[in-house]
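Inspection log for the structure reproduced underneath, given as structure tokens.
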């Protein structure tokens, strides 16, 4: 069993309140959860309007399987027009 985790730091430029930020995060998070076999949580910067950190985790029988799911989730985040990814950190267990 392989566990892959990705920490994603991002900036949300157009957020003027926590409500704006949560709307963007909810949109992206629900799309990722519905389409891919990953778990996703906002792990830091919960009280900051224009910044977020997500932890995304996938478990699989092979590293390639878990990595594909994580790459697909990252593609959804990268393709969203409301935010810009500033840092991605990978870890394998």
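The values are calculated or read from the model by the stated rules, or taken from the named source; none is laboratory data. Everything numeric in this text was worked out from a predicted model, so none of it was measured. FYI the Cβ positions are ideal-geometry reconstructions off the backbone, even for glycines, and counts take in every protein chain you see.
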Could you go through the range 29-43 and let me know if any residue there is in a helix (DSSP H, G or I), modelled with pLDDT of 90 or more and within 15 Å of residue 12 (Cα to Cα).
yes
Of the residues in the range 32-85, how many are in contact with a helix residue (DSSP H, G or I) (Cβ under 8 Å, 6 or more places away or on another chain) and at positive phi?
0
Considering only residues that are in a strand (DSSP E or B) and over 13 Å from the mean Cα position of the chain (by Cα), look in the range 44-72 and name the one that is modelled with the highest pLDDT.
59
Among residues of the range 1-38, those that are under 22 Å from residue 62 (Cβ atoms) and exposed (fewer than 13 other Cβ atoms within 10 Å of the Cβ), counted
2
